[in-house]
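The values are calculated or read from the model by the stated rules, or taken from the named source; none is laboratory data. Since the model is a prediction, treat every value here as computed from it, not as a measurement. So basically every Cβ, Gly included, is an ideal-geometry build from the backbone, and we count neighbours across all protein chains shown.
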Amino acid sequence: MLRDALKHPDFNRADLKATLTGEVEIQEGRTHSSDEIEASLDTDDSDSAGDE
């Protein structure tokens, strides 16, 4: 962690807190797959393909 902070001086306390929160969520099994997230957002990639 300290090495990353030295390599990336923009890394601040809020970034550290977010990183550590993510680590705790992983350890406690509070993660979701991309399929679960897509289902919860009700996305359908086939409709948006080629719209631009």
Review point. Does segment 43-51 contain any residue that is modelled with pLDDT under 90 and surrounded by 10 or more Cβ atoms within 10 Å (Cβ to Cβ)?
Key: yes
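Taking segment 4-37, which residues are of a type in the set (Asp, Glu) and part of a helix (DSSP H, G or I)? Spell out the reasoning first.
As a first pass, look at segment 4-37 and keep what is of a type in the set (Asp, Glu): 4, 10, 15, 23, 25, 28, 35-36.
Across segment 4-37, the qualifying residues are 4, 15, 23, 25, 35, 36.
Does segment 15-37 include one or more residues that are at pLDDT below 75 and out of contact with any strand residue (DSSP E or B) (no Cβ under 8 Å at 6 or more places or on another chain)?
Taking segment 15-37 first, the residues at pLDDT below 75 are none.
No - not one qualifying residue is present in segment 15-37.
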